[in-house]
1. So what is the accessible area of the chain per residue, in Å², with the probe set to 1.4 Å?
2. Assuming a ≥ b ≥ c are the square roots of the Cα gyration tensor eigenvalues, decide whether the stretch 131-241 counts as rounded (a/c under 1.5), prolate (otherwise, with a/b larger than b/c) or oblate.
3. Could you order the peptides 25-32, 51-58 from most to least packed, using the average number of other C-beta atoms within 10 Å per residue?
4. Show me, for the stretch 212-220, the HN-Hα J-couplings you get by feeding each phi into the Karplus relation (A = 6.51, B = -1.76, C = 1.60, θ = phi - 60°), rounded to Hz, glycine and proline as x.
5. With only alpha-carbon pairs counted, each pair once and no self-pairs, how large is the Kirkwood hydrodynamic radius of the chain in angstroms?
6. So for the chain, averaging the separation of alpha carbon pairs under 8 Å that are six or more residues apart and normalising by length, what relative contact order in percent results?
7. What nm distance separates the two modelled labels at SER29 and GLU156, each placed 7 Å from Cα along Cα→Cβ?
8. Could you sort the peptides 12-23, 167-178, 74-85 by per-residue average Cβ neighbour count (10 Å cutoff), highest mean leading?
Amino acid sequence: MTNTSSDPRVATRVLVVDDETPLAQVVASYLRRDGFDVRVTGDGRAAIELAREWEPGVIVLDLGLPGTDGIEVCRAVRTFSDCYIVMLTARTEEVDKLVGLSVGADDYVTKPFSPRELMARVRAMLRRPRGPVDAGRDVPEPLSFGSLTVDVGGREVHVDGSPVELTRTEFDVLAALAANPRVVFSRHQLVEAVWGPGWVGDEHLVDVHIGHVRRKLGDPPAEPRFIRTVRGVGYRMGTGE
(Lines give C-alpha, C1' and ligand atoms only; values in the text may rest on other atoms or scores of the structure.)
Protein backbone atom coordinates (compact mmCIF):
# COMPACT_ATOMS: atom_id res chain seq x y z
CA MET A 1 0.00 0.00 0.00
CA THR A 2 1.37 3.40 -0.96
CA ASN A 3 2.26 5.70 1.93
CA THR A 4 2.77 9.16 0.49
CA SER A 5 2.67 11.11 3.74
CA SER A 6 6.34 12.13 3.51
CA ASP A 7 5.72 14.19 0.35
CA PRO A 8 4.20 17.58 1.29
CA ARG A 9 2.80 17.98 -2.22
CA VAL A 10 0.63 14.92 -1.76
CA ALA A 11 -0.90 16.26 1.47
CA THR A 12 -2.25 19.25 -0.46
CA ARG A 13 -3.92 17.15 -3.18
CA VAL A 14 -7.64 16.50 -2.86
CA LEU A 15 -9.64 14.42 -5.32
CA VAL A 16 -13.37 15.27 -5.36
CA VAL A 17 -15.53 12.46 -6.75
CA ASP A 18 -19.20 13.39 -7.24
CA ASP A 19 -21.48 13.21 -10.27
CA GLU A 20 -23.47 16.24 -9.04
CA THR A 21 -21.34 18.73 -10.96
CA PRO A 22 -22.57 21.93 -9.24
CA LEU A 23 -21.89 20.47 -5.78
CA ALA A 24 -18.51 19.10 -6.83
CA GLN A 25 -17.49 22.50 -8.19
CA VAL A 26 -18.57 24.28 -5.00
CA VAL A 27 -16.55 21.86 -2.88
CA ALA A 28 -13.58 22.22 -5.22
CA SER A 29 -13.74 26.02 -5.06
CA TYR A 30 -13.67 25.99 -1.25
CA LEU A 31 -10.72 23.61 -1.27
CA ARG A 32 -8.79 25.69 -3.79
CA ARG A 33 -9.48 28.80 -1.73
CA ASP A 34 -7.84 26.97 1.18
CA GLY A 35 -4.75 26.32 -0.93
CA PHE A 36 -5.40 22.74 -1.99
CA ASP A 37 -4.55 21.29 -5.38
CA VAL A 38 -7.90 19.85 -6.53
CA ARG A 39 -9.09 17.52 -9.26
CA VAL A 40 -12.73 16.63 -9.88
CA THR A 41 -14.42 13.66 -11.52
CA GLY A 42 -17.92 12.23 -11.51
CA ASP A 43 -16.90 8.76 -12.68
CA GLY A 44 -15.95 5.96 -10.31
CA ARG A 45 -13.52 4.17 -12.62
CA ALA A 46 -11.80 7.42 -13.51
CA ALA A 47 -11.54 8.18 -9.79
CA ILE A 48 -9.68 4.92 -9.16
CA GLU A 49 -7.18 5.64 -11.92
CA LEU A 50 -6.69 9.24 -10.73
CA ALA A 51 -6.12 8.02 -7.18
CA ARG A 52 -3.52 5.57 -8.44
CA GLU A 53 -1.67 7.97 -10.75
CA TRP A 54 -2.04 11.32 -8.96
CA GLU A 55 -1.77 10.02 -5.36
CA PRO A 56 -4.02 12.50 -3.52
CA GLY A 57 -3.75 12.98 0.23
CA VAL A 58 -7.55 13.12 0.62
CA ILE A 59 -10.46 11.84 -1.45
CA VAL A 60 -13.93 13.35 -1.00
CA LEU A 61 -16.06 10.50 -2.35
CA ASP A 62 -19.78 10.38 -3.08
CA LEU A 63 -21.41 7.10 -2.12
CA GLY A 64 -24.11 7.19 -4.80
CA LEU A 65 -22.05 7.35 -7.98
CA PRO A 66 -23.61 5.78 -11.08
CA GLY A 67 -21.96 2.61 -12.33
CA THR A 68 -18.97 2.01 -10.05
CA ASP A 69 -20.32 3.42 -6.79
CA GLY A 70 -18.44 4.97 -3.89
CA ILE A 71 -18.21 1.70 -1.98
CA GLU A 72 -16.45 -0.01 -4.90
CA VAL A 73 -14.18 2.99 -5.46
CA CYS A 74 -13.22 3.04 -1.78
CA ARG A 75 -12.56 -0.69 -1.72
CA ALA A 76 -10.38 -0.46 -4.84
CA VAL A 77 -8.42 2.57 -3.62
CA ARG A 78 -7.68 0.85 -0.32
CA THR A 79 -5.76 -1.88 -2.18
CA PHE A 80 -3.02 0.61 -3.11
CA SER A 81 -3.40 3.82 -1.08
CA ASP A 82 -3.71 4.89 2.56
CA CYS A 83 -4.98 8.40 1.74
CA TYR A 84 -7.80 9.80 3.85
CA ILE A 85 -11.29 9.18 2.45
CA VAL A 86 -14.37 11.21 3.39
CA MET A 87 -17.58 9.58 2.16
CA LEU A 88 -20.49 11.80 1.08
CA THR A 89 -23.94 10.25 1.31
CA ALA A 90 -27.46 11.49 0.60
CA ARG A 91 -28.86 8.42 2.34
CA THR A 92 -29.49 8.83 6.05
CA GLU A 93 -29.77 5.13 6.89
CA GLU A 94 -27.04 4.11 9.32
CA VAL A 95 -26.26 0.99 7.30
CA ASP A 96 -24.86 3.11 4.45
CA LYS A 97 -22.52 4.89 6.83
CA LEU A 98 -21.38 1.66 8.43
CA VAL A 99 -20.78 -0.05 5.09
CA GLY A 100 -18.82 2.94 3.83
CA LEU A 101 -16.55 2.89 6.84
CA SER A 102 -16.14 -0.88 6.71
CA VAL A 103 -14.38 -0.69 3.34
CA GLY A 104 -11.88 1.86 4.58
CA ALA A 105 -13.46 5.32 4.66
CA ASP A 106 -12.19 7.49 7.51
CA ASP A 107 -15.20 9.74 7.91
CA TYR A 108 -18.59 10.51 6.39
CA VAL A 109 -20.70 13.62 5.79
CA THR A 110 -24.44 13.42 5.12
CA LYS A 111 -25.92 15.64 2.41
CA PRO A 112 -26.89 18.43 2.57
CA PHE A 113 -23.79 19.68 4.34
CA SER A 114 -21.91 22.91 4.85
CA PRO A 115 -18.76 23.18 2.71
CA ARG A 116 -17.14 24.87 5.71
CA GLU A 117 -17.82 21.77 7.78
CA LEU A 118 -16.23 19.60 5.12
CA MET A 119 -13.19 21.89 5.01
CA ALA A 120 -12.86 21.57 8.79
CA ARG A 121 -12.94 17.78 8.49
CA VAL A 122 -10.24 17.79 5.79
CA ARG A 123 -7.99 20.15 7.73
CA ALA A 124 -8.40 18.09 10.92
CA MET A 125 -7.42 14.90 9.05
CA LEU A 126 -4.30 16.43 7.57
CA ARG A 127 -3.13 17.65 10.98
CA ARG A 128 -2.91 14.04 12.15
CA PRO A 129 0.44 12.21 12.00
CA ARG A 130 0.45 10.14 8.81
CA GLY A 131 3.55 8.00 8.89
CA PRO A 132 6.25 6.30 10.95
CA VAL A 133 8.02 8.30 13.62
CA ASP A 134 10.55 10.73 12.11
CA ALA A 135 14.22 9.85 12.21
CA GLY A 136 15.97 11.52 15.13
CA ARG A 137 12.98 11.29 17.44
CA ASP A 138 12.68 8.80 20.27
CA VAL A 139 10.91 5.74 18.92
CA PRO A 140 8.47 4.23 21.42
CA GLU A 141 8.83 0.56 22.24
CA PRO A 142 6.12 -1.76 20.89
CA LEU A 143 3.28 -2.25 23.36
CA SER A 144 2.03 -5.73 24.23
CA PHE A 145 -1.37 -6.82 25.49
CA GLY A 146 -1.28 -10.60 25.67
CA SER A 147 -0.99 -11.84 22.08
CA LEU A 148 -1.53 -8.30 20.68
CA THR A 149 1.46 -6.11 19.83
CA VAL A 150 1.02 -2.47 18.82
CA ASP A 151 4.11 -0.81 17.33
CA VAL A 152 3.19 2.87 17.38
CA GLY A 153 6.48 3.99 15.84
CA GLY A 154 6.33 1.52 12.97
CA ARG A 155 2.54 1.72 12.72
CA GLU A 156 2.24 -2.07 12.79
CA VAL A 157 -0.11 -4.40 14.62
CA HIS A 158 0.34 -8.14 15.20
CA VAL A 159 -1.85 -10.76 16.87
CA ASP A 160 -0.15 -14.07 17.67
CA GLY A 161 2.74 -12.91 15.50
CA SER A 162 0.58 -12.37 12.42
CA PRO A 163 0.21 -8.87 10.95
CA VAL A 164 -3.20 -7.19 11.12
CA GLU A 165 -4.12 -4.74 8.37
CA LEU A 166 -5.85 -1.66 9.82
CA THR A 167 -6.84 1.53 8.04
CA ARG A 168 -5.01 4.65 9.14
CA THR A 169 -7.90 5.80 11.30
CA GLU A 170 -8.42 2.35 12.83
CA PHE A 171 -4.73 2.27 13.76
CA ASP A 172 -4.90 5.75 15.27
CA VAL A 173 -7.87 4.75 17.46
CA LEU A 174 -6.07 1.63 18.67
CA ALA A 175 -2.80 3.51 19.21
CA ALA A 176 -4.53 6.18 21.32
CA LEU A 177 -5.95 3.50 23.60
CA ALA A 178 -2.75 1.44 23.69
CA ALA A 179 -0.53 4.41 24.56
CA ASN A 180 -2.67 5.11 27.63
CA PRO A 181 -3.78 1.65 28.77
CA ARG A 182 -4.98 2.73 32.22
CA VAL A 183 -7.15 5.54 30.86
CA VAL A 184 -10.83 5.14 30.05
CA PHE A 185 -11.55 7.28 26.97
CA SER A 186 -14.96 8.77 26.33
CA ARG A 187 -16.04 9.13 22.71
CA HIS A 188 -15.27 12.84 22.91
CA GLN A 189 -11.77 12.21 24.25
CA LEU A 190 -11.05 9.70 21.49
CA VAL A 191 -12.33 12.16 18.89
CA GLU A 192 -9.94 14.80 20.22
CA ALA A 193 -7.05 12.32 20.39
CA VAL A 194 -7.57 10.94 16.87
CA TRP A 195 -9.51 13.47 14.77
CA GLY A 196 -8.33 16.56 16.68
CA PRO A 197 -10.14 19.32 18.59
CA GLY A 198 -11.26 21.02 15.36
CA TRP A 199 -13.33 18.03 14.22
CA VAL A 200 -17.09 18.46 13.97
CA GLY A 201 -19.41 15.51 13.46
CA ASP A 202 -21.14 12.49 14.96
CA GLU A 203 -19.07 11.08 17.84
CA HIS A 204 -20.67 7.66 17.30
CA LEU A 205 -18.15 7.39 14.47
CA VAL A 206 -15.83 6.19 17.24
CA ASP A 207 -18.07 3.17 17.90
CA VAL A 208 -17.93 2.20 14.22
CA HIS A 209 -14.13 2.24 14.14
CA ILE A 210 -13.87 0.41 17.47
CA GLY A 211 -16.14 -2.28 16.01
CA HIS A 212 -13.95 -2.68 12.94
CA VAL A 213 -10.75 -2.84 15.01
CA ARG A 214 -12.26 -5.52 17.25
CA ARG A 215 -13.34 -7.55 14.25
CA LYS A 216 -9.89 -7.40 12.65
CA LEU A 217 -8.18 -8.29 15.93
CA GLY A 218 -10.56 -11.22 16.48
CA ASP A 219 -11.77 -9.54 19.67
CA PRO A 220 -15.44 -10.46 20.31
CA PRO A 221 -17.34 -7.53 21.88
CA ALA A 222 -19.18 -9.88 24.25
CA GLU A 223 -15.90 -11.05 25.83
CA PRO A 224 -13.23 -8.60 24.67
CA ARG A 225 -9.58 -9.22 25.44
CA PHE A 226 -8.02 -6.18 23.83
CA ILE A 227 -10.56 -3.31 23.78
CA ARG A 228 -12.98 -3.17 26.67
CA THR A 229 -16.18 -1.17 26.93
CA VAL A 230 -16.70 0.73 30.18
CA ARG A 231 -20.44 1.19 30.27
CA GLY A 232 -21.60 4.76 30.47
CA VAL A 233 -18.07 6.07 29.97
CA GLY A 234 -16.25 4.75 26.89
CA TYR A 235 -13.37 2.44 26.02
CA ARG A 236 -10.04 1.31 27.41
CA MET A 237 -7.38 -1.27 26.61
CA GLY A 238 -7.69 -4.74 28.04
CA THR A 239 -4.85 -6.96 29.19
CA GLY A 240 -5.23 -9.36 26.28
CA GLU A 241 -6.09 -12.23 28.61
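The values are calculated or read from the model by the stated rules, or taken from the named source; none is laboratory data. What you see is a predicted model, and the numbers here were worked out from it, not measured in a lab. Here the Cβ is made from the backbone with ideal geometry for all residues, glycine too, and neighbour counts use every protein chain on show. Accessible surface areas use protein heavy atoms only, side chains included; no ligands, DNA or RNA. Shrake-Rupley method; radii C 1.70, N 1.55, O 1.52, S 1.80 Å.
1. Ligands and nucleic acids excluded, the figure is 47 Å² per residue.
2. Note, shape of the stretch 131-241 comes out oblate.
3. Order by mean packing, descending: 51-58, 25-32.
4. 5, 4, 4, 4, 5, 7, x, 10, x
5. After inverting the pairwise mean of 1/r, the radius is 18.4 Å.
6. 14 percent.
7. For SER29 paired with GLU156, the spin-label model returns 4.8 nm.
8. 167-178, 74-85, 12-23
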